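Taking it in order: structure first as structure tokens, then the write-up.
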Amino acid sequence: MEEKKDNPDTVQYGPPIDLSDPVQREMLIQEILAVPLPAIDYYNRGMAYTETGDYKKAIDEFSESLRLNPAHIKSLLMRGNAYFGAGEKDKAKADFDEYLRRKREKRV
């Protein structure tokens, strides 16, 4: 019988994770959270928070989306909406003004 050799192109996985074990489950959650999300994922979460009226969390998500992708002007517009919903009218106006400025730039 021929002995099997490890293929260097094969991914080697560790033992399965027992999700009923709270320690292993928490370790998995922390590993998942450590992977950075693309800007659009932060935008989508911001939209969900806006729909539920959690404007503070929405602002944080839209801000992170803009940090990762400053060209995503929809995040800027929606952050302005979230600021408005949170009663922060000056910040909302600043975001709306910046959104309009960038929108005009794209047309020129």
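The values are calculated or read from the model by the stated rules, or taken from the named source; none is laboratory data. What you see is a predicted model; the values in this text were computed from it and never measured. With ideal geometry, Cβ positions are generated from the backbone for all residues, glycine too; neighbour counts draw on all protein chains shown.
Scanning the range 53-108 for residues that are assigned to a helix (DSSP H, G or I), buried (at least 17 other Cβ atoms within 10 Å of the Cβ), touching a Leu at 6+ places or on another chain (Cβ under 8 Å) and not aliphatic (A, V, I, L, M) gives Phe62, Ser75, Arg79, Asp95, Phe96, Tyr99. Here the condition is being touching a helix residue (DSSP H, G or I) at 6+ places or on another chain (Cβ under 9 Å) and free of Cβ contacts under 8 Å to residues at least 60 places away in the same chain; of Pro22, Pro38, it holds for Pro38 alone.
Conditions (1) hydrophobic (A, V, I, L, M, F, W, C); (2) at pLDDT 95 or above, marked per residue:
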position: Asp9; (1), (2): no, no
position: Pro15; (1), (2): no, no
position: Arg25; (1), (2): no, no
position: Ile32; (1), (2): yes, no
position: Pro36; (1), (2): no, no
position: Asn44; (1), (2): no, no
position: Leu68; (1), (2): yes, no
position: Arg79; (1), (2): no, yes
position: Lys93; (1), (2): no, yes
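Cβ-Cβ distances below 7 Å connect the following pairs, each with a first residue in the range 86-105 that is more than 13 Å from His72 (Cα to Cα) and of a type in the set (Lys, Arg), a second residue that is modelled with pLDDT of 95 or more and surrounded by 15 or more Cβ atoms within 10 Å (Cβ to Cβ), and a separation of six or more residues or different chains: Lys91/Tyr83.
Has the range 26-44 got any residue that is more than 11 Å from the chain's Cα centre (by Cα), in a loop (DSSP other than H, G, I, E, B) and exposed (fewer than 11 other Cβ atoms within 10 Å of the Cβ)? No, the range 26-44 contains no residue that is more than 11 Å from the chain's Cα centre (by Cα), in a loop (DSSP other than H, G, I, E, B) and exposed (fewer than 11 other Cβ atoms within 10 Å of the Cβ).
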